[in-house]
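*Asks:* Starting off with a structure, shown below.
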Amino acid sequence: MPRPPITAALARRLLPLMALVVSCLMVGAALAQGAGNGGLLNAASSAGMISPNGADVFGPGGVLGSPGQSLIMPNGSPATPMVPAGQVALALAARFGKDAPPIAGGLEWRIYAARPDAQGNFRLVREDKAPAPTMVLPAGNYIVHVDFGLATAVKPVVLRGPTIHEMFDLPAGALRMEGRVGNARIPPGQISFEVYKGSQFEPGDRRPIAEHVPTDGVLVVPEGTYYIVSNYGDANSVVRSDIRVQAGKLTDVTVNHRAAAITLKLVTEKGGEALANTAWSVLTPGGDVIKESIGAFPRVILAEGEYRAIARNEGKVYEREFKVVAGVDGDVEVMAQ
(Lines give C-alpha, C1' and ligand atoms only; values in the text may rest on other atoms or scores of the structure.)
Protein backbone atom coordinates (compact mmCIF):
# COMPACT_ATOMS: atom_id res chain seq x y z
CA MET A 1 0.00 0.00 0.00
CA PRO A 2 1.61 3.34 -1.01
CA ARG A 3 2.30 5.92 1.71
CA PRO A 4 0.25 9.17 1.56
CA PRO A 5 2.31 12.17 0.41
CA ILE A 6 3.63 14.66 2.99
CA THR A 7 1.79 17.91 2.56
CA ALA A 8 3.53 21.26 2.74
CA ALA A 9 1.72 22.09 5.99
CA LEU A 10 2.77 18.81 7.59
CA ALA A 11 6.35 19.30 6.40
CA ARG A 12 6.45 22.73 8.04
CA ARG A 13 5.33 21.18 11.34
CA LEU A 14 7.92 18.39 11.12
CA LEU A 15 10.93 20.53 10.21
CA PRO A 16 11.57 22.01 13.70
CA LEU A 17 11.37 18.57 15.32
CA MET A 18 13.67 17.04 12.68
CA ALA A 19 16.21 19.82 13.15
CA LEU A 20 16.23 19.30 16.92
CA VAL A 21 16.78 15.54 16.56
CA VAL A 22 19.61 16.08 14.07
CA SER A 23 21.20 18.60 16.43
CA CYS A 24 21.04 16.06 19.26
CA LEU A 25 22.77 13.44 17.13
CA MET A 26 25.45 15.93 16.09
CA VAL A 27 26.13 16.87 19.70
CA GLY A 28 26.38 13.20 20.65
CA ALA A 29 28.99 12.67 17.95
CA ALA A 30 30.89 15.77 19.01
CA LEU A 31 30.95 14.63 22.64
CA ALA A 32 32.15 11.18 21.63
CA GLN A 33 35.13 12.77 19.90
CA GLY A 34 36.11 14.47 23.16
CA ALA A 35 39.07 16.73 22.60
CA GLY A 36 38.40 16.80 18.87
CA ASN A 37 35.76 19.48 19.44
CA GLY A 38 37.44 21.73 21.94
CA GLY A 39 37.93 19.18 24.71
CA LEU A 40 34.29 18.72 25.69
CA LEU A 41 35.10 15.71 27.87
CA ASN A 42 37.52 16.06 30.76
CA ALA A 43 40.09 13.45 31.71
CA ALA A 44 38.13 12.09 34.66
CA SER A 45 35.05 11.42 32.57
CA SER A 46 36.90 9.72 29.74
CA ALA A 47 38.68 7.45 32.20
CA GLY A 48 35.39 6.38 33.74
CA MET A 49 36.99 6.23 37.19
CA ILE A 50 35.51 7.21 40.52
CA SER A 51 37.96 7.44 43.40
CA PRO A 52 37.19 5.16 46.36
CA ASN A 53 38.06 8.10 48.62
CA GLY A 54 35.13 10.11 47.29
CA ALA A 55 32.80 7.24 46.65
CA ASP A 56 29.60 8.52 48.20
CA VAL A 57 27.98 7.31 44.98
CA PHE A 58 28.31 3.73 46.23
CA GLY A 59 26.59 3.69 49.58
CA PRO A 60 25.53 5.63 52.65
CA GLY A 61 28.42 7.34 54.40
CA GLY A 62 30.79 6.87 51.46
CA VAL A 63 31.20 3.12 52.02
CA LEU A 64 31.69 1.03 48.90
CA GLY A 65 29.05 -1.64 48.45
CA SER A 66 29.62 -5.37 48.61
CA PRO A 67 29.22 -7.52 45.46
CA GLY A 68 25.70 -7.18 44.12
CA GLN A 69 24.83 -4.32 46.45
CA SER A 70 22.89 -1.47 44.90
CA LEU A 71 24.62 1.85 44.36
CA ILE A 72 23.50 4.95 46.26
CA MET A 73 20.08 6.42 46.60
CA PRO A 74 19.28 10.11 47.20
CA ASN A 75 17.87 12.11 50.07
CA GLY A 76 15.37 14.27 48.18
CA SER A 77 15.22 17.06 45.61
CA PRO A 78 16.46 20.63 46.15
CA ALA A 79 14.03 23.51 46.17
CA THR A 80 13.35 25.27 42.85
CA PRO A 81 15.20 28.63 42.66
CA MET A 82 13.59 31.95 41.78
CA VAL A 83 12.86 32.15 38.05
CA PRO A 84 13.01 35.60 36.40
CA ALA A 85 10.60 36.49 33.62
CA GLY A 86 11.57 35.03 30.26
CA GLN A 87 13.53 32.17 31.82
CA VAL A 88 12.68 28.58 32.71
CA ALA A 89 13.87 26.25 35.48
CA LEU A 90 15.26 22.92 34.25
CA ALA A 91 15.33 20.21 36.94
CA LEU A 92 17.59 17.28 36.07
CA ALA A 93 18.09 13.82 37.54
CA ALA A 94 19.39 10.44 36.40
CA ARG A 95 18.66 6.85 37.38
CA PHE A 96 19.97 3.40 36.52
CA GLY A 97 16.76 2.36 34.80
CA LYS A 98 12.99 2.43 34.94
CA ASP A 99 11.58 2.36 38.50
CA ALA A 100 15.08 2.89 39.98
CA PRO A 101 15.68 5.79 42.40
CA PRO A 102 17.77 8.73 41.20
CA ILE A 103 21.57 8.55 41.32
CA ALA A 104 22.94 10.79 44.06
CA GLY A 105 26.55 11.34 43.06
CA GLY A 106 29.25 11.01 40.41
CA LEU A 107 27.23 12.76 37.68
CA GLU A 108 28.48 15.51 35.38
CA TRP A 109 25.89 17.60 33.54
CA ARG A 110 26.48 19.80 30.50
CA ILE A 111 23.94 21.98 28.70
CA TYR A 112 24.62 22.95 25.07
CA ALA A 113 22.91 25.25 22.61
CA ALA A 114 20.69 23.21 20.27
CA ARG A 115 22.30 24.61 17.12
CA PRO A 116 26.00 24.66 16.18
CA ASP A 117 27.84 27.90 15.56
CA ALA A 118 29.51 28.92 12.28
CA GLN A 119 32.46 26.59 13.03
CA GLY A 120 30.16 23.62 13.66
CA ASN A 121 30.71 23.60 17.44
CA PHE A 122 27.92 23.40 20.00
CA ARG A 123 28.28 26.17 22.57
CA LEU A 124 28.51 25.02 26.18
CA VAL A 125 25.87 26.97 28.10
CA ARG A 126 26.09 25.50 31.61
CA GLU A 127 27.68 22.63 33.50
CA ASP A 128 27.11 21.20 36.95
CA LYS A 129 28.29 18.24 39.07
CA ALA A 130 25.35 18.17 41.47
CA PRO A 131 23.36 14.90 41.48
CA ALA A 132 20.05 16.64 40.74
CA PRO A 133 20.69 20.25 39.70
CA THR A 134 18.02 22.80 38.85
CA MET A 135 19.30 25.31 36.28
CA VAL A 136 17.56 28.52 35.30
CA LEU A 137 18.02 29.25 31.59
CA PRO A 138 16.46 31.51 28.96
CA ALA A 139 13.51 29.89 27.20
CA GLY A 140 14.55 27.97 24.09
CA ASN A 141 15.97 24.71 22.78
CA TYR A 142 18.95 22.94 24.36
CA ILE A 143 20.87 19.65 24.36
CA VAL A 144 21.49 18.04 27.77
CA HIS A 145 24.43 15.65 28.20
CA VAL A 146 25.14 13.65 31.36
CA ASP A 147 28.21 11.55 32.24
CA PHE A 148 28.47 8.83 34.86
CA GLY A 149 31.93 7.35 34.38
CA LEU A 150 31.93 5.83 30.88
CA ALA A 151 28.13 5.79 30.72
CA THR A 152 26.52 8.77 28.99
CA ALA A 153 23.12 9.97 27.81
CA VAL A 154 22.08 12.85 25.55
CA LYS A 155 18.62 14.35 25.22
CA PRO A 156 17.11 17.45 23.52
CA VAL A 157 14.94 19.65 25.74
CA VAL A 158 12.59 22.51 24.98
CA LEU A 159 12.26 25.10 27.75
CA ARG A 160 8.83 26.72 27.67
CA GLY A 161 6.43 27.71 30.43
CA PRO A 162 6.78 26.30 33.98
CA THR A 163 9.61 24.21 35.42
CA ILE A 164 10.75 21.38 33.15
CA HIS A 165 11.65 18.06 34.80
CA GLU A 166 13.89 15.66 32.87
CA MET A 167 14.91 12.19 34.05
CA PHE A 168 17.79 10.42 32.28
CA ASP A 169 18.17 6.65 32.23
CA LEU A 170 21.78 5.52 32.66
CA PRO A 171 21.87 1.70 32.77
CA ALA A 172 25.37 1.60 34.27
CA GLY A 173 27.24 -0.40 36.88
CA ALA A 174 30.73 -0.43 38.35
CA LEU A 175 33.78 -2.68 38.46
CA ARG A 176 36.33 -3.00 41.24
CA MET A 177 39.21 -5.39 40.59
CA GLU A 178 42.06 -7.04 42.45
CA GLY A 179 44.55 -9.82 41.81
CA ARG A 180 45.67 -12.75 43.94
CA VAL A 181 48.23 -15.53 43.90
CA GLY A 182 46.69 -18.29 45.96
CA ASN A 183 45.37 -16.58 49.09
CA ALA A 184 47.86 -13.70 48.89
CA ARG A 185 46.65 -10.37 47.53
CA ILE A 186 48.89 -8.85 44.85
CA PRO A 187 50.05 -5.43 46.09
CA PRO A 188 48.93 -2.29 44.22
CA GLY A 189 51.58 -1.16 41.77
CA GLN A 190 52.46 -4.71 40.74
CA ILE A 191 49.23 -5.39 38.87
CA SER A 192 47.02 -3.43 36.48
CA PHE A 193 43.93 -4.12 34.40
CA GLU A 194 42.63 -3.40 30.93
CA VAL A 195 38.90 -3.56 30.22
CA TYR A 196 37.38 -4.41 26.84
CA LYS A 197 33.78 -4.33 25.64
CA GLY A 198 32.23 -7.73 24.88
CA SER A 199 33.59 -11.25 25.39
CA GLN A 200 37.18 -12.30 24.77
CA PHE A 201 35.80 -15.08 22.55
CA GLU A 202 34.11 -12.68 20.13
CA PRO A 203 36.02 -12.15 16.86
CA GLY A 204 37.64 -8.87 15.94
CA ASP A 205 40.52 -6.67 17.03
CA ARG A 206 39.31 -4.24 19.68
CA ARG A 207 40.82 -1.46 21.71
CA PRO A 208 40.43 -1.28 25.49
CA ILE A 209 37.84 1.10 26.85
CA ALA A 210 40.03 1.58 29.96
CA GLU A 211 43.75 0.97 30.51
CA HIS A 212 46.06 0.83 33.53
CA VAL A 213 43.14 0.51 35.96
CA PRO A 214 44.70 0.06 39.42
CA THR A 215 43.73 -2.34 42.17
CA ASP A 216 40.63 -1.04 44.03
CA GLY A 217 40.00 1.57 41.34
CA VAL A 218 36.27 1.78 40.59
CA LEU A 219 35.40 1.89 36.90
CA VAL A 220 31.86 2.92 35.92
CA VAL A 221 30.66 1.37 32.65
CA PRO A 222 27.38 0.80 30.83
CA GLU A 223 25.56 -2.41 31.69
CA GLY A 224 26.83 -5.34 29.62
CA THR A 225 29.51 -7.98 29.08
CA TYR A 226 33.21 -7.13 29.32
CA TYR A 227 36.49 -8.95 29.47
CA ILE A 228 39.40 -8.03 31.68
CA VAL A 229 43.08 -8.45 30.88
CA SER A 230 45.07 -8.60 34.11
CA ASN A 231 48.83 -7.99 33.95
CA TYR A 232 50.86 -9.08 36.97
CA GLY A 233 54.33 -7.63 36.52
CA ASP A 234 55.66 -6.87 33.05
CA ALA A 235 56.57 -10.34 31.75
CA ASN A 236 54.15 -13.16 30.92
CA SER A 237 51.73 -13.44 33.85
CA VAL A 238 48.57 -12.40 32.00
CA VAL A 239 45.02 -13.59 32.78
CA ARG A 240 41.86 -12.91 30.75
CA SER A 241 38.41 -13.06 32.33
CA ASP A 242 34.86 -12.45 31.08
CA ILE A 243 32.51 -10.64 33.46
CA ARG A 244 28.97 -9.27 33.45
CA VAL A 245 28.11 -5.81 34.80
CA GLN A 246 24.56 -5.16 36.00
CA ALA A 247 22.92 -1.76 36.16
CA GLY A 248 23.09 -0.20 39.61
CA LYS A 249 25.49 -2.83 40.97
CA LEU A 250 29.10 -2.73 42.12
CA THR A 251 30.79 -5.90 40.85
CA ASP A 252 33.93 -7.07 42.66
CA VAL A 253 36.27 -9.11 40.45
CA THR A 254 39.16 -11.20 41.80
CA VAL A 255 41.66 -12.45 39.22
CA ASN A 256 43.84 -15.40 40.24
CA HIS A 257 47.37 -15.55 38.82
CA ARG A 258 49.50 -18.69 38.84
CA ALA A 259 52.86 -16.99 39.03
CA ALA A 260 55.81 -16.19 41.28
CA ALA A 261 58.45 -13.49 41.73
CA ILE A 262 61.96 -14.71 40.84
CA THR A 263 65.22 -12.90 41.60
CA LEU A 264 68.10 -13.76 39.24
CA LYS A 265 71.72 -13.84 40.45
CA LEU A 266 75.02 -14.64 38.77
CA VAL A 267 77.39 -15.93 41.45
CA THR A 268 80.82 -17.56 41.59
CA GLU A 269 79.71 -19.86 44.40
CA LYS A 270 76.42 -20.96 45.91
CA GLY A 271 75.03 -18.20 48.12
CA GLY A 272 77.79 -15.85 46.99
CA GLU A 273 77.68 -12.16 46.09
CA ALA A 274 75.79 -11.37 42.85
CA LEU A 275 77.99 -10.07 40.03
CA ALA A 276 77.17 -6.56 38.80
CA ASN A 277 76.79 -5.47 35.17
CA THR A 278 75.14 -8.73 34.16
CA ALA A 279 72.82 -8.88 31.15
CA TRP A 280 69.96 -11.33 31.56
CA SER A 281 67.56 -13.14 29.25
CA VAL A 282 64.74 -15.43 30.37
CA LEU A 283 63.58 -17.88 27.71
CA THR A 284 60.95 -20.58 27.36
CA PRO A 285 62.13 -24.15 26.63
CA GLY A 286 61.32 -23.42 22.99
CA GLY A 287 63.65 -20.42 22.91
CA ASP A 288 61.12 -17.57 23.07
CA VAL A 289 62.43 -14.55 25.00
CA ILE A 290 60.17 -13.67 27.91
CA LYS A 291 62.19 -10.96 29.66
CA GLU A 292 65.52 -9.13 29.26
CA SER A 293 67.20 -6.93 31.85
CA ILE A 294 70.56 -5.73 33.18
CA GLY A 295 71.61 -5.76 36.82
CA ALA A 296 73.14 -7.71 39.66
CA PHE A 297 69.85 -9.23 40.86
CA PRO A 298 66.84 -8.33 38.67
CA ARG A 299 63.40 -9.39 39.86
CA VAL A 300 60.96 -10.81 37.33
CA ILE A 301 57.40 -12.09 37.77
CA LEU A 302 56.84 -15.24 35.72
CA ALA A 303 53.87 -17.47 35.06
CA GLU A 304 54.09 -21.02 36.34
CA GLY A 305 56.26 -23.19 34.07
CA GLU A 306 59.78 -24.06 32.94
CA TYR A 307 62.40 -21.53 31.81
CA ARG A 308 66.04 -21.02 30.94
CA ALA A 309 68.07 -18.13 32.35
CA ILE A 310 71.02 -16.82 30.32
CA ALA A 311 73.56 -14.48 31.97
CA ARG A 312 76.19 -12.48 30.08
CA ASN A 313 79.07 -10.96 32.03
CA GLU A 314 82.48 -9.72 30.82
CA GLY A 315 82.14 -11.44 27.46
CA LYS A 316 81.19 -14.82 28.91
CA VAL A 317 77.81 -16.56 28.78
CA TYR A 318 76.31 -18.75 31.52
CA GLU A 319 72.93 -20.42 31.70
CA ARG A 320 70.64 -22.53 33.83
CA GLU A 321 67.25 -24.17 33.53
CA PHE A 322 64.74 -23.57 36.33
CA LYS A 323 61.09 -24.09 37.18
CA VAL A 324 58.52 -21.62 38.52
CA VAL A 325 55.86 -22.88 40.94
CA ALA A 326 52.81 -20.64 41.53
CA GLY A 327 53.09 -18.68 44.76
CA VAL A 328 56.66 -19.79 45.51
CA ASP A 329 58.89 -16.72 45.25
CA GLY A 330 62.63 -17.26 45.40
CA ASP A 331 66.13 -16.81 43.97
CA VAL A 332 67.58 -18.48 40.90
CA GLU A 333 71.38 -18.58 41.04
CA VAL A 334 73.39 -19.08 37.88
CA MET A 335 76.95 -20.26 38.53
CA ALA A 336 79.68 -18.26 36.76
CA GLN A 337 81.73 -21.40 36.02
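The values are calculated or read from the model by the stated rules, or taken from the named source; none is laboratory data. Since the structure is predicted, the reported quantities are computational estimates derived from the model, not experimental observations. When we count neighbours, we look across all protein chains shown, and the Cβ atoms used for this are built from the backbone with ideal geometry, even at glycine. To get the accessible areas, we keep the full protein, side chains included, count just its heavy atoms, and leave off ligands, DNA and RNA. Shrake-Rupley method; radii C 1.70, N 1.55, O 1.52, S 1.80 Å.
*Asks:* Over 19 Å between C-alpha atoms is what I'm after, so list which of Lys155/Lys249; Lys98/Lys197; Lys129/Lys155; Lys265/Lys323; Lys270/Lys291; Lys98/Lys129 land there.
*Replies:* The pairs that break the limit, which is 19 Å between Cα atoms, are Lys155/Lys249; Lys98/Lys197; Lys270/Lys291; Lys98/Lys129.
*Asks:* Ok, one more. In what sequence, highest mean first, do 222-234, 276-288, 91-103 appear when ranked by Cβ atoms within 10 angstrom?
*Replies:* Answer by packing, highest mean first, reads 222-234, 91-103, 276-288.
*Asks:* Quick one: compute the contact order of the range 134-203, relative version, from alpha carbon pairs under 8 angstrom and 6+ residues apart, as a percent.
*Replies:* 20
*Asks:* Okay, moving on. May I ask you to evaluate 6.51 cos²θ - 1.76 cosθ + 1.60, the Karplus curve with θ = phi - 60°, for each residue of the range 214-223 and list the ³J(HN,Hα) values in order in whole Hz, giving x for glycine and proline?
*Replies:* Coupling constants for the range 214-223: x, 4, 6, x, 9, 10, 8, 9, x, 4 Hz.
*Asks:* How high is the relative contact order of the range 210-337, in percent, counting Cα pairs under 8 Å that sit 6 or more residues apart?
*Replies:* Averaging sequence separation for qualifying contacts and normalising by length gives 25 percent for the range 210-337.
*Asks:* Send over the per residue convex hull volume for the range 173-228, Cα only, as a whole number of Å³.
*Replies:* 96
*Asks:* Which order do Lys270, Lys291 take by accessible area at a 1.4 Å probe, largest first?
*Replies:* Lys270, Lys291
*Asks:* May I ask you to give the solvent-accessible area per residue for the range 219-337, in square angstrom, as obtained with a 1.4 angstrom probe?
*Replies:* Counting only protein heavy atoms, the per-residue value for the range 219-337 is 51 Å².
*Asks:* If amide hydrogens are placed 1.01 Å from N in the peptide plane, which non-local residues have theirs closer than 5 Å to the one on Ser237?
*Replies:* Amide H neighbours of Ser237, under 5 Å, 5+ apart: Tyr232, Ala303.
*Asks:* If you average the sequence gap of Cα pairs under 8 Å that are 6 or more apart and divide by the length of the range 185-255, what percent do you get for the contact order?
*Replies:* Relative contact order, the range 185-255: 32 percent.
*Asks:* Ordering Arg176, Arg258, Arg185 from largest to smallest accessible area (1.4 angstrom probe), what's the sequence?
*Replies:* From most exposed to least exposed: Arg258, Arg185, Arg176.
*Asks:* What's the FRET efficiency of Arg207 with Val317 using the Cβ-Cβ distance as r and R₀ = 45 Å, to the nearest 0.05?
*Replies:* E between Arg207 and Val317, to the nearest 0.05, is 0.65.
*Asks:* Pop out the ³J(HN,Hα) list for the range 324-337 in order, Karplus 6.51 cos²θ - 1.76 cosθ + 1.60 with θ = phi - 60°, rounded to Hz; leave Gly and Pro as x.
*Replies:* Working through the residues one at a time gives 9, 10, 3, x, 9, 6, x, 9, 10, 9, 9, 7, 7, 9 Hz.
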